[in-house]
Every structure is written in structure tokens, then in C-alpha cells.
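The values are calculated or read from the model by the stated rules, or taken from the named source; none is laboratory data. In this text the structure is predicted, and so the values were computed from the model without any measurement. Here the Cβ positions follow ideal geometry from the backbone for every residue, glycine too, while neighbour counts run over all protein chains shown.
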């Protein structure tokens, strides 16, 4: 209910939380078939990242969850040294109301966020699911192919939507997305910006699953994931524009 009500429970304060992550990656064979090193920091404890969270009540009807993250091993320079970088991470801004009658309880709300599924009020979809984190310096153990919903659009888009929660029984939401540029650049994280046709392709795939031949709404999300698993694989070997044509 805290998230459904727009993070507005409690008193208006400055709720700040700091998180740091340390990790160790250990591989049995640290060279590939060509003799190249697989994990540059193999067996060494490293300071991976740190995050600052600001979340809570802004007004009685407006609240936010924001995260800013420093990646100590963001990318490598020309000399091979690692370079750290601060960037926006998960963000979710909400404006809500609550209408309670004699026989009804309705929560209408709006959400502005930068990662599809980060707004999930039950925190059970890709933005909040396993694996929560992986090594910054090694690809060992990282999935090779993922649906576009599982991180590809994270901190690259701006999403705006509305939702309703009726009698603590029925929940409905609709969100639309576009590339986070211009005035929305402040919510964009590390990485290159995605082309608009990729965002449009994601919306088309979702609409097909919701309104097309799928007869069971509860299967639509799984079907959407399957569509984009194939699309991402194709995208690696073809120009990005082909993603929209092949969905």
C-alpha cells in the first residue's frame, strides 16, 4: 500500500539511505579458448558500486522513489584502466488520491518512471527480480540473451502512466514510453540512448499480445518476453531498424 499510495505515508522528512556493494568473482579457468582473460579482477575483492536513495512524501498526494548510483567499474579507458561514473538509477514519481465510500475503496494514481516494471507495486517483475546484481568486471554467470524488458530499456526511457486499485481486489495500469532525452535527460542513466523505433517496437509487441490472438490476459506478459528474446537475438546480427519490421 505504501507504493500504491505514492510513497506518501508518514511525515514529510528527508529520508536518505546509502548502499554500497562489494563483490568477489572467482572462476575455475580464467582464460578462454584463445588465451584471453575472462575475469580481469578474478579472485580479488572489489568495491563495485554505491547508491544514494531519496524516497518518501513530497506533499499529501505526491511522492517519489529515486536512486542515484556510482559505478566504480563503469567502463574502461583507452589505456585499459577502469573509470567510475555517477548516473541516475531507478526512479518513480507518483501523484495519487484515495476515494473511500461506504462500500468502495478506490486509489487512482499516475506514475512517471524510467524503467519499465520498476513501477510494479508488488515488486515482482524484472526490475526487482533475480539476478539482482552481477559482476561489473566479468561476464561469467551473466545471461547471454535477455528479453528487452529485462534491463535493456532501464534508465533509457521515460514512462508515463495511470493506474487504478479498486476495493483491494482489482488493479489496472497503462503506461507509455519514449526515449529519455531533452527535458527528461535527468532520468537517463549510463549507456547510449535507444532509438525511438525500439520503443515503438516494444509497444507494438505488447499490444499484439494483449489485443491479438492471446485469449488469456495472464499469459500476455510471458508472451511479450518470448517475443523480445527472439527480437534481441536478431538485433545483434541486423540493423536496429529491422527490430520493428520483424515483430
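In table form, for the structure just shown:
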{"quantity": "Neighbours by Cβ (under 9 Å, 6+ apart or cross-chain): first from the range 71-89, at positive phi and surrounded by 15 or more Cβ atoms within 10 Å (Cβ to Cβ); second assigned to a strand (DSSP E or B) and at pLDDT below 85", "calculated": "none"}
{"quantity": "Failed item in (1) more than 26 Å from residue 106 (Cα to Cα); (2) assigned to a loop (DSSP other than H, G, I, E, B); (3) modelled with pLDDT of 70 or more, with residue 158 passing the rest", "calculated": "(2)"}
{"quantity": "Condition broken by residue 7, with the remaining ones in (1) loosely packed, with under 11 Cβ neighbours inside 10 Å; (2) touching a strand residue (DSSP E or B) at 6+ places or on another chain (Cβ under 6 Å); (3) on the phi > 0 side of the Ramachandran plot satisfied", "calculated": "(1)"}
{"quantity": "Checking residue 10 against (1) part of a loop (DSSP other than H, G, I, E, B); (2) in the same structural domain as residue 136 (by TED's automatic domain parsing); (3) out of contact with any helix residue (DSSP H, G or I) (no Cβ under 6 Å at 6 or more places or on another chain), the condition it does not meet", "calculated": "(2)"}
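One line per residue, one yes/no per condition, for (1) modelled with pLDDT of 85 or more; (2) within 21 Å of residue 121 (Cα to Cα):
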site	(1), (2)
31	no, no
37	no, no
46	yes, no
53	yes, yes
58	yes, yes
61	yes, yes
